[in-house]
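Note sheet for the following structure.
The values are calculated or read from the model by the stated rules, or taken from the named source; none is laboratory data. Keep in mind it's a predicted model, so treat the numbers as computed, not measured. Cβ sites come from the backbone with ideal geometry, for glycine too, and all protein chains shown count toward neighbours.
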Amino acid sequence: MTAIIFALVVGLFLSFLVYWYIKFKYLLPVEKKIDFIDKTYARFQDFSREIVKQGYIPQTLEQFNELINHSLIKFHGFFAGTSIMVFDNERGDWLLSYSILEGRLNLGDKTSFLSGVFNKCVNENDLMFIGGFGRQMGTELFNAAALFPFVSKDEKVKKVVFIGIKEETDFSVLMPYLRHLILHINSFYKLYEKIISIKDENIRLKSEVDVMVKELDVAGSRLIKKAKERKALYEIVSRVTDENDVRNGLSAILNIVAKITESDSVGCLFYDENSKSLVLNPQVYGVKLDENARYSISLDNRSSASVKTFLEKKPFITGRASAEKNALKEYVEIFEAESLMIAPIFLHNNMIGVIEAGSKKKDFFTAEHLEFLNIIADELAVIMSVINLYDRLSQTADELAQMNRIKDDFLSTVSHELKTPLTTIKGFISVLLSGEVGSLTDQQVSFLNIVDQAANRLANLISNLLDISRLNGKVEMEFSPCDIREIARNSVSNLMLRAKEKGSVMSFNSDKDIPYVFGDSHWLAQVIDNLIINAIKYSQEKSKVEVRVLDRGDVVTVCVCDDGPGIDKEEQKLVFEKFYRGKNSILSNQGTGLGLAISKSIVEKHGGKIWLESEG
C-alpha cells in the first residue's frame, strides 16, 4: 500500500515537472509571440486610424502637402526619435520643404550628394534602405535611413520622404508602417487628381456651356428676328391673298413694314414704262398725299437715290437725309424723313420699282432694318409678278371663255341651220329610192344610197354637235329612278342589227336584282349606245361584243367589252377628248370623234365615272 502511494506521489511530481518544463520551454514563448503580434497589430491599427482621422479630400496641391505633413507627424508620434524630412524637386533641384528633427542638421555641403541619392530613389520608384547614412551625412541624429519616393503620373510633382532611424534593425519594424504610409499618400493624391480632373472638366464644360449659351442667345435672337420676319411675310401673303383689291393689299403690306421697322413713313414707287419714270403709288403709310397730284421721278434724274437704287439694283441707307437734299429731295419734302432706306423691287431681270421706309429720327435705321426691307422687297417682287400674271391669265381666261361661248353659239346655230335642209334632202332621197317618182337604174340607186349614207353621217355629226353644245351649256336633265339593266338591254336590242351587219356577235349579261339608279334615262341610253356603237365600229368581223350590268354594292357598273385590237397606253389618255379618233380608225372611215367625249360629259354630269381598260 505504501509502495503504491509512493508511486503515485512520484508520478504526480514527475507530471508537474513535465508540465512546467513544456510551459516554460514551448508555451510561454508562443504566448509571448502571440501577445507581441496582438500588440503590434493593435498599434498598427491605431496608426492607421490616426493618419486617416484628420484626413480630408485635398482640393489643391497645398492641401495635399498638408495631408502628407499631417501623416508624417502621426508617424513620428508612433516612432519617436526618428528624423523626418520631405524634399521637393523644383526645376531639377531638390529642396527641403518640411522636416521633423530632434536636433540641428546642416545640409549645406551635402546637396549634391543628396541629389544623387534622391534621383536614384525616384528612378527606381521604390522604398530604399541605406545603412550608415548618418556617418555619410556627418550627423548623430540618425544612423540608417529609409527613403520612399512619390512621383505623379505627369511628373509635375516629385517628392522624396526621408526617414532617419537610430538602429538599422528598426527598419524591419518600420517597413509595414512605411508601406501603409506610402499607400495612404498615393490614395490621397489619386483623390486630388480626380478632384482636379473633375474641376478641369467642370471648367471645360462650363466654358463649353457658356459658349453654347452665348451661341444659343445669338441663335435665339436670330430665330426671334427670323420669326418676326416670317410672321411679317406670312401676314403680307395673307393680306394680299385675302384682299380682293390689290391696292388695299399693298396698303396692308406697307403697314406691316412700318410696324416691324418702326418707320414713320413707307411707300412704293413703281416703274411706268410709258413715261420712263418711277411713280409713287397712292397707297402710302404715314403720309397724306394730294389725291389729284402725281408724284414721279424720271429715270433721267440719275442724282435721285430712288433712280440710282432702281437702276443699280442696290439698296440705299442714310441717317442724314437732309444733308443729301439733291439725292433725296423728294423724300425730305414729301415724307419729311431724316433717316431713310430704299430697296429695289425686281425679279430676275424684271425691274418693278423700289420700296422706301423713312424715319424722322437721325441715324435710326440699322443694317438689320435694311436686310429686312430687302426681304420684303423680294417678296413684294414675287407678289407683284404673281398679281400681274394673274391679271394676264384672268384676261386670257375671259377671252377664251368668250371665244368658247361664241364657238358654242356658232355650233348650235350652224347645227340647227343644217338640220332643216338635211331633213329635206333625206326626205327626197327616200322618195326617190321608193320609186314613187319613177323607176331608177341600178347605177342611180347606188348613187342615191351613197348620198343617203353620207346624209346619215352628216345627221349624226349634227346631232353630236348639238349634244356637245347642250352639254357645255346649262342643259337640264330629268333625273328619276331608272332601271339601268332595262336601258342597257334595250340598247343591245336596238343595235343588234348593226352588229349583225358588221358580222359581230353581241350578247347581254346582268347580275340579278340590279338596283335602280338615279339619272336621266334618255342620256344614260345615249351613253350605252355610244359605247356599243364604238365597240362594233372598231371590232373586226366575227368579233364578240358583250354588255354586262354589274352590282358593285355602292355603285352599278355597265361594261361594254369587245375582243377588238387594243389601244396604246398613250392613246388611252386621249380617247375621251373631243374629235379624237384612234389609230385603229382606219378600219372604218365613219365617225366624228365625239361619241366618247359626249359619253364622258353625260356620265360626269350624273356624278359617275367612265374609264377604259385595254391591254394595249
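Brief remarks follow.
- Identity of the residue in the range 304-313, more than 18 Å from residue 275 (Cβ to Cβ) and surrounded by 12 or more Cβ atoms within 10 Å (Cβ to Cβ), that ends up nearest to the chain's Cα centre (by Cα): 313
- Exclusive hit being of a type outside the set (Phe, Trp, Tyr), in contact with a Pro (Cβ under 8 Å, 6 or more places away or on another chain), part of a helix (DSSP H, G or I) and over 20 Å from residue 120 (Cα atoms), set 195, 203: 195
- Residues that are small (Gly, Ala, Ser), under 50 Å from the mean Cα position of the chain (by Cα) and at pLDDT 70 or above were ranked within the range 546-591; the one that is farthest from residue 456 (Cα to Cα) is 553.
- Look at (1) under 60 Å from the mean Cα position of the chain (by Cα); (2) surrounded by fewer than 17 Cβ atoms within 10 Å (Cβ to Cβ); (3) of a type in the set (A, V, I, L, M, F, W, C) and you find that residue 173 fails only one, number (1).
- Qualifying residue in the range 518-526 (condition: part of a loop (DSSP other than H, G, I, E, B) and farther than 27 Å from residue 565 by Cβ): yes
- No other residue among 446, 507, 430, 463 is of a type in the set (Ser, Thr, Tyr), at pLDDT below 75 and not in a loop (DSSP other than H, G, I, E, B) apart from 463.
- Per the listing 529, 520, the residue uniquely under 21 Å from residue 481 (Cα atoms), touching a residue at least 12 places away in the same chain (Cβ under 8 Å) and touching an Asp or Glu at 6+ places or on another chain (Cβ under 7 Å) is 520.
- Complete set of residues in the range 56-84 that are in a helix (DSSP H, G or I) and within 21 Å of residue 142 (Cα to Cα): 69, 71, 72, 73, 74, 75, 76, 77, 78
- The number of residues in the range 85-108 being in a loop (DSSP other than H, G, I, E, B) and buried (at least 16 other Cβ atoms within 10 Å of the Cβ) comes to 1.
- Condition check for residue 187: assigned to a helix (DSSP H, G or I) and modelled with pLDDT under 80: no
- Filter result for residue 201 (surrounded by fewer than 16 Cβ atoms within 10 Å (Cβ to Cβ) and either at pLDDT below 80 or not polar (S, T, N, Q) (or both)): yes
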